[in-house]
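Engineer: Sharing a structure here in structure tokens format.
The values are calculated or read from the model by the stated rules, or taken from the named source; none is laboratory data. All values derive from a computational prediction rather than experimental measurement. With ideal geometry, Cβ positions are generated from the backbone for all residues, glycine too; neighbour counts draw on all protein chains shown.
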């Protein structure tokens, strides 16, 4: 009888142990990490924007007042830039990031970024004309006239191609580092 | 101390008559009683000496192995010296093994099994506690404790498959590494996350949670690399960081796919796949999984 009592108690302990183990093991399945939904390409794009602002040179008449980067229809890019890099000065000019929509006023803008293509892009380019504004696009099949820099996927990485003629036409002096890291198709 | 003495009394009541019936008047029987008495007064080392004398004469004396193991177990309970526990487990296992090879029952067998089970569970509890207070370098300690528990289980229930339990330990250690990685950003812990999830999956490849968690951690590391970009980052470094993060994304992709194979409709996995394909610039695949994710969420 004593042995039986021991065994019953032993069985109960075993069952309890198994329950605790199962709970612990189950808990381990409840520890799903959270997917980081920060868009890595926006981080890269923001970096490129900063480098294009910092490593190029604009005509003297553009060196008064704030250095303006306009970003059209991409508030996430503006947010990423502001959250990660703040508003660092560009040379002696304070940086101003502007979130643009639809048909924005582009006068006095140093960099104009847009994801637009086709007619919408052409309308934007028409508004910008030949002003000293570096026009930055993403994913164009070919570098259009009027576009200075186009982001493309090159060997699996987000790189940029450079339209030197357009930069010259706008009076933007492209820095050596910008030129050297540009890719061609 | 009162409870401790009571246990010894209970053991004497149960064991001594059993031995007396089995082997009346043998030298071992007398020494076992002497060892029990020595154990009762806390003279474990002397009690062991008495029993070990029989092992010196006959190293295959199952009962002597049991008694010495039992004394070490009681010594461990009093001293909390883990070396005693380990030695006790080995001796109890040896006693069971030897008796089993003789192919005949013995009155002390249930006691030996209970003692070994108790010590095995104790190791398991310590392994859990070690994971719950996990620090850098604790992995070997946790696994050693689990191995001790596993060896006890293998003796008591040889058919038991402990793969799931061992995998759970690896998953919990991966989680512990993730907590430490979030706090320290020390690369050692990121490697610990990966290694432990991979070990868990080697044991239990049909665990979608382990695949998913591994995938998310590796993917997040890729994003983390891009978040290291700062105002001082050069253009060359941007390219390097992109390549490094792409390597992580490429590694995360098959893990997400394995998770999806096991849970084809789980929204989180579909979102993960859409996200990693976007990161890898596979826009068509990204769109396909994004649509599937939206459908899964709507169900």
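Engineer: Exactly one of these conditions fails for residue A:61: (1) within 12 Å of chain B (Cβ to nearest Cβ); (2) at pLDDT 90 or above; (3) out of contact with any strand residue (DSSP E or B) (no Cβ under 8 Å at 6 or more places or on another chain); (4) part of a helix (DSSP H, G or I). Give me its number.
Structural biologist: Unmet for residue A:61, out of (1) within 12 Å of chain B (Cβ to nearest Cβ); (2) at pLDDT 90 or above; (3) out of contact with any strand residue (DSSP E or B) (no Cβ under 8 Å at 6 or more places or on another chain); (4) part of a helix (DSSP H, G or I): (1).
Here is a yes/no grid of residues against (1) over 27 Å from residue A:44 (Cβ atoms); (2) crowded, with 18+ Cβ neighbours inside 10 Å:
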residue	(1), (2)
B:185	no, no
B:188	yes, no
B:207	yes, yes
B:213	no, yes
B:233	no, no
B:237	no, no
B:257	no, no
B:265	yes, no
B:292	no, yes
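Engineer: As an exercise: evaluate residue B:253 against (1) assigned to a helix (DSSP H, G or I); (2) within 12 Å of another protein chain (Cβ to nearest Cβ) and give the number of the one condition it does not meet.
Structural biologist: Among (1) assigned to a helix (DSSP H, G or I); (2) within 12 Å of another protein chain (Cβ to nearest Cβ), residue B:253 violates only (2).
Engineer: Here's a follow-up. State yes or no: is residue A:35 at the interface with chain B (Cβ under 7 Å from one of its Cβ atoms), modelled with pLDDT of 95 or more and not in a helix (DSSP H, G or I)? If you could, list the steps in order and put the result at the bottom.
Structural biologist: Working: at the interface with chain B (Cβ under 7 Å from one of its Cβ atoms): yes; modelled with pLDDT of 95 or more: yes; not in a helix (DSSP H, G or I): yes.
The answer is yes for residue A:35.
Engineer: I've got another one for you. Restricting attention to the range B:186-224, and to residues there that are more than 11 Å from chain A (Cβ to nearest Cβ) and outside any helix (DSSP H, G or I), which single residue is farthest from residue B:248 (Cα to Cα)? Walk me through how you get there before you give the answer.
Structural biologist: First pass over the range B:186-224, keeping only residues more than 11 Å from chain A (Cβ to nearest Cβ): B:186-192, B:194-195, B:198-199, B:201-203, B:205-206, B:211.
Subset that is outside any helix (DSSP H, G or I): B:186, B:205-206.
Numbers: B:186: 17, B:205: 21, B:206: 22 Å.
Going through the qualifying residues, I end up with B:206.
Engineer: Is it the case, given these coordinates, that residue A:30 is at pLDDT 90 or above, out of contact with any strand residue (DSSP E or B) (no Cβ under 9 Å at 6 or more places or on another chain) and within 14 Å of chain B (Cβ to nearest Cβ)?
Structural biologist: Values: at pLDDT 90 or above: no; out of contact with any strand residue (DSSP E or B) (no Cβ under 9 Å at 6 or more places or on another chain): yes; within 14 Å of chain B (Cβ to nearest Cβ): yes.
The answer is no for residue A:30.
Engineer: Does residue B:35 qualify as being within 21 Å of residue B:87 (Cα to Cα), surrounded by fewer than 16 Cβ atoms within 10 Å (Cβ to Cβ) and modelled with pLDDT of 90 or more?
Structural biologist: No.
Engineer: Regarding residue B:125, is this residue farther than 24 Å from residue B:66 by Cα and at pLDDT 95 or above? Give the derivation first.
Structural biologist: Numbers: farther than 24 Å from residue B:66 by Cα: no; at pLDDT 95 or above: yes.
No; evaluated as a whole, the condition is false for this residue.
Engineer: Given (1) within 14 Å of chain B (Cβ to nearest Cβ); (2) more than 24 Å from residue B:240 (Cβ to Cβ), where does residue A:110 come up short, assuming only one miss?
Structural biologist: Every listed condition holds for residue A:110 apart from (1).
Engineer: Could you say whether any residue in the range A:131-139 is surrounded by 15 or more Cβ atoms within 10 Å (Cβ to Cβ), within 14 Å of chain B (Cβ to nearest Cβ) and more than 14 Å from the chain's Cα centre (by Cα)? Before the answer, list the steps.
Structural biologist: Quick first cut of the range A:131-139, residues surrounded by 15 or more Cβ atoms within 10 Å (Cβ to Cβ) only: A:131-138.
If we keep only those that are within 14 Å of chain B (Cβ to nearest Cβ) as well, we get A:138.
Then drop every residue that is not more than 14 Å from the chain's Cα centre (by Cα), which leaves none.
No: the range A:131-139 contains no residue that is surrounded by 15 or more Cβ atoms within 10 Å (Cβ to Cβ), within 14 Å of chain B (Cβ to nearest Cβ) and more than 14 Å from the chain's Cα centre (by Cα).
Engineer: Quick test for you: out of B:248, B:278, pick the one residue that is within 11 Å of chain A (Cβ to nearest Cβ), in a helix (DSSP H, G or I) and under 18 Å from residue B:201 (Cβ atoms). Full working, then the answer.
Structural biologist: Values: B:278 fails: under 18 Å from residue B:201 (Cβ atoms).
Criteria check complete, one pass: B:248.
Engineer: Here's something else I'd like to know. In the list A:155, A:107, A:161, which residue meets the criterion of being surrounded by fewer than 17 Cβ atoms within 10 Å (Cβ to Cβ) and closer than 21 Å to residue A:40 by Cβ? Explain how you work it out, then say what you get.
Structural biologist: Details: A:107 fails: closer than 21 Å to residue A:40 by Cβ; A:161 fails: surrounded by fewer than 17 Cβ atoms within 10 Å (Cβ to Cβ).
Step by step, each of A:155, A:107, A:161 is checked, and only A:155 is surrounded by fewer than 17 Cβ atoms within 10 Å (Cβ to Cβ) and closer than 21 Å to residue A:40 by Cβ.
Engineer: Restricting to the range A:102-116, what's the tally of residues that are in contact with a strand residue (DSSP E or B) (Cβ under 8 Å, 6 or more places away or on another chain), outside any strand (DSSP E or B) and within 19 Å of residue A:75 (Cβ to Cβ)? Don't jump to the end; show me each part of the working.
Structural biologist: Filtering the range A:102-116 for residues in contact with a strand residue (DSSP E or B) (Cβ under 8 Å, 6 or more places away or on another chain) gives A:104, A:106, A:108-116.
With outside any strand (DSSP E or B) added as a condition, the list becomes A:104, A:106, A:108-110, A:115-116.
The next check asks that each one be within 19 Å of residue A:75 (Cβ to Cβ); those that pass are A:104, A:106, A:109, A:115-116.
Within the range A:102-116, residues that are in contact with a strand residue (DSSP E or B) (Cβ under 8 Å, 6 or more places away or on another chain), outside any strand (DSSP E or B) and within 19 Å of residue A:75 (Cβ to Cβ) number 5.
Engineer: Same structure, new question: Among the candidates B:145, B:98, single out the residue that is buried (at least 19 other Cβ atoms within 10 Å of the Cβ) and away from every other protein chain (no Cβ under 13 Å). Talk me through it step by step, then tell me what you get.
Structural biologist: On the way: B:98 fails: buried (at least 19 other Cβ atoms within 10 Å of the Cβ).
The match here is B:145.
Engineer: Which one of the conditions (1) under 20 Å from residue A:37 (Cβ atoms); (2) more than 24 Å from the chain's Cα centre (by Cα); (3) facing chain A (nearest Cβ under 9 Å) does residue B:235 fail to meet, given that it meets all the rest?
Structural biologist: The failed condition is (1).
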